[in-house]
């Protein structure tokens, strides 16, 4: 409900600016926002790491298209390419961490991972790999959302867009 409510507020705020341009751009914008909302809803209802990853990637693709929408300026295209390249790097890091999780636990759903961790049967080598996997997933996610310490790209991209 929060995601849908905030989306309606954003669309109402952006209505005046979007209506000044052609109707095809308006419908294109609404479709992109619709896909972004769809993947946000998938992300909130994810029960395993694979669905979480696919939802984050779908949301990222919608945001890449939104960033490149204002292609009339060279700076906007450059920032969209930079956003896409760093998003691909962070996706690789996150996917590597998820594959390490699968290698340790043999499953990707959150309940199985929680059950395995609750049993306390992790060896020292597994704990080192588990820490590496957790760090890869967290840093990949931090790159995606532009959080500290992985936020160096975000001011440049925001300025260009």
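Residues in the range 86-100 that are under 19 Å from the mean Cα position of the chain (by Cα) and crowded, with 17+ Cβ neighbours inside 10 Å: 86, 87, 90, 91, 93, 94, 95, 97, 98. Filter the range 114-131 down to the residues that are part of a helix (DSSP H, G or I) and surrounded by 13 or more Cβ atoms within 10 Å (Cβ to Cβ) and list them by number. Correct list: 116, 117, 126, 129, 130.
Hey, among 83, 64, which residue is without any contact (Cβ under 8 Å) to a residue 60 or more places away in the chain and either surrounded by 12 or more Cβ atoms within 10 Å (Cβ to Cβ) or not in a helix (DSSP H, G or I) (or both)? Break it down into steps so the answer makes sense when it comes.
On the way: 83 fails: without any contact (Cβ under 8 Å) to a residue 60 or more places away in the chain.
Every option except 64 fails the conditions.
Taken over the range 132-161, the criterion of being in a helix (DSSP H, G or I) and either touching a strand residue (DSSP E or B) at 6+ places or on another chain (Cβ under 7 Å) or more than 15 Å from residue 93 (Cβ to Cβ) (or both) is satisfied by 154, 155, 156, 157, 158, 159, 160.
Every number in this text was worked out from the coordinates using simple rules, so none of it is lab data. None of these values were measured; they are calculated from a predicted model. Heads up, the Cβs are rebuilt from the backbone with ideal geometry, glycines too, and the neighbour counts pull from every protein chain shown.
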